[in-house]
Amino acid sequence: GIQVEQSPPDLILQEGANSTLRCNFSDSVNNLQWFHQNPWGQLINLFYIPSGTKQNGRLSATTVATERYSLLYISSSQTTDSGVYFCAVAGGGAGGTSYGKLTFGQGTILTVHP
Amino acid sequence: DTGVSQDPRHKITKRGQNVTFRCDPISEHNRLYWYRQTLGQGPEFLTYFQNEAQLEKSRLLSDRFSAERPKGSFSTLEIQRTEQGDSAMYLCASSLRTSFQNSYEQYFGPGTRLTVT
């Protein structure tokens, strides 16, 4: 199956700093999503971005599908940005049948200090 | 849209008991997924429904696990003879897939946290 690797595993920032989270995947995809998991376990949709670039406020994401990676940018970080960030993909490889099931990376734990 | 809802939010049970969880997807979403997340890990796929048909099951889904989606609306996940290793967060997600839409975006519910003692 498709493999997903996220880096870094942990990230500690001071409030106001910028950061970049990376997601590498091993095969072509027809779905790539970034999530923020809050302390109660809820997965909050940040971006649906199988290719291209999107921006939403202080967050932006870029997926280069041909090179099999995606980046999540957080600018001017705030303490409320703390939590776990997951990248998840659904494979669309040649010859495969994908029902859209997501394969998640291990996550990046972000801690933002005031 | 009220989002994906799950019930109960927390469940504590003794080893050997049966438990059942419910998921109500976003209205009109035809695809429904169950995932399981253990501490420190990303969620892992368990099973998938398109309307009422269960189209795929993970090898993680042992014979003690069964899922249904009657009438293509809500879904239930039952675990029989629970074991301590079943302790996890069980997440449900839904998405809408039509021939006119290329988005596969999934939306997750708040999860059911199961503790087996």
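The values are calculated or read from the model by the stated rules, or taken from the named source; none is laboratory data. The structure displayed is predicted, hence computed values, not measured ones. No Cβ is skipped: glycine too gets one built from the backbone with ideal geometry, and neighbour counts run over all protein chains shown. Side chains included, ligands, DNA and RNA excluded: accessible areas come from the protein's heavy atoms. Shrake-Rupley method; radii C 1.70, N 1.55, O 1.52, S 1.80 Å.
Points worth noting:
- Contacts under 8 angstrom Cβ, first residue in the stretch B:56-72 being of a type in the set (S, T, N, Q), partner open to solvent by less than 50 Å² (accessible area, probe 1.4 Å) and at pLDDT 90 or above, 6 or more apart: B:58/B:45; B:58/B:46; B:58/B:47; B:66/B:77
- Residues that are open to solvent by 20 Å² or more (accessible area, probe 1.4 Å) and either in a strand (DSSP E or B) or closer than 18 Å to residue B:95 by Cβ (or both), drawn from the stretch A:14-36: A:14, A:20, A:22, A:24, A:29, A:30, A:36
- In the stretch B:2-44, the residues that are open to solvent by 60 Å² or more (accessible area, probe 1.4 Å) and in a strand (DSSP E or B): B:7, B:10, B:11, B:12, B:20, B:22, B:44
- Any chance residue B:61 is touching a Leu at 6+ places or on another chain (Cβ under 6 Å) and hydrophobic (A, V, I, L, M, F, W, C): yes
Matching residues to (1) open to solvent by less than 50 Å² (accessible area, probe 1.4 Å); (2) in contact with an Asp or Glu (Cβ under 9 Å, 6 or more places away or on another chain):
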residue	(1), (2)
A:9	no, no
A:12	no, no
A:45	yes, yes
A:53	no, no
A:61	yes, no
A:75	yes, no
A:82	yes, no
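- The stretch B:59-75: number of residues that are small (Gly, Ala, Ser) and surrounded by 17 or more Cβ atoms within 10 Å (Cβ to Cβ): 2
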